[in-house]
1. Under the rule of -39500 (n - 2.57) per DSSP H run of 4 or more residues, summed and divided by the residues of the chain, what mean residue ellipticity at 222 nm is obtained, to the nearest 500 deg cm²/dmol?
2. Tell me, in nm to one decimal, what length is gained between residue 12 and residue 172 on full extension, where the rule is 0.36 nm per residue of separation less the Cα-Cα distance?
3. GNM, the chain, Cα, under 10 Å: largest mean-square fluctuation among 202, 124, 273?
4. Compute the angle between helix 90-107 and the longest alpha-carbon principal axis of the chain, please, reported from 0 to 90 degrees and rounded to the nearest 10.
5. Normalised by the residues of the range 139-199, what does the relative contact order come to in percent, with Cα pairs under 8 Å and at least six apart?
6. Quick one: angle between helix 2-26 and the longest Cα principal axis of the chain, in degrees between 0 and 90, rounded to 10, please.
7. List residues of the range 150-188, by number, whose backbone nitrogen lies under 11 Å from a label position 7 Å along Cα→C-beta of residue 204.
8. So how do 147, 169 line up by other beta-carbon neighbours within 10 Å, fewest first?
Ligand code: HEM
């Protein structure tokens, strides 16, 4: 009986494990999923991950029993024609080569193994563009007070707007996530109520770098904050930093021996200065 139960449990949990695996393969990064309150078929990223992990554990336990009950067959696979145990049978060798190829190929980031990982990352990155990035990592965990301070929003005005939208909150110390949960909105929607898109400051960068900034192509950063990319490339060139609009901030940083935050600060400070790059030439 236990033999049948373990095999069938392994099969059923494997089917559900496959489904949750596909979803985790395409699920947006945590910062995006929690900010935009991402859900698929009514389940959040946390719930899908929970299902995946627990079904995975059930699958592993069932597979252990399955192996135990079928140990005789496994030993038979490792015997030669004279019925002597031989580990390196042709079947074993093929399995070993497959496992080694997948392990080393993934570790050394060789296609097609790296391609599988890249596809997942691209889908996750595009989800960030589609659903919207938080203004900074885990912004939803900030209190109203710290969120408005970090994003440069007038807190009193933001609170007035929330009240006008019939959103109840206990005060400046309540977190965005808490308010969002109570009102049935996402933290992102609260942000849009506090500061509509049309009121976003243009041509400047916030003090707190936006989440996922390192991976963003310069062109995307410029589009998001209404910056002139030629001007940004010009002010980086003044600091002897080579950049093109297609390069990500991290790539620009690596090329100049800096880190992404330094490059971000150089752009931000450059934009705040009176700008000789775009000033009319003196005749
Ligand atoms: C059918 C075989 C499996 C496949 C194809 C699979 C696939 C995946 C994928 C695509 C992810 C998401 C990776 C990412 O964040 O980009 C993931 C995460 C994970 N998987 Fe699996 N998985 C499998 C079996 C298992 C098993 C048996 C366990 C054992 C418990 C397990 C435990 C986990 C854990 C702990 C995570 C990390 C969850 C997190 O983000 O906190 N998986 N898996």
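What follows is calculated from the coordinates using simple rules that are stated; it is not laboratory data. No experiment lies behind these values; they were computed from the predicted model shown. Heads up, the Cβs are rebuilt from the backbone with ideal geometry, glycines too, and the neighbour counts pull from every protein chain shown.
1. Estimated from H runs of four or more residues: -19000 deg cm²/dmol.
2. Gain on extension, residue 12 to residue 172, equals 52.8 nm.
3. 273
4. Relative to the chain, helix 90-107 is tipped by roughly 10 degrees.
5. 40
6. 20
7. Label zone hits: 152-153.
8. Taking fewest neighbouring Cβ atoms as first place, the list is 169, 147.
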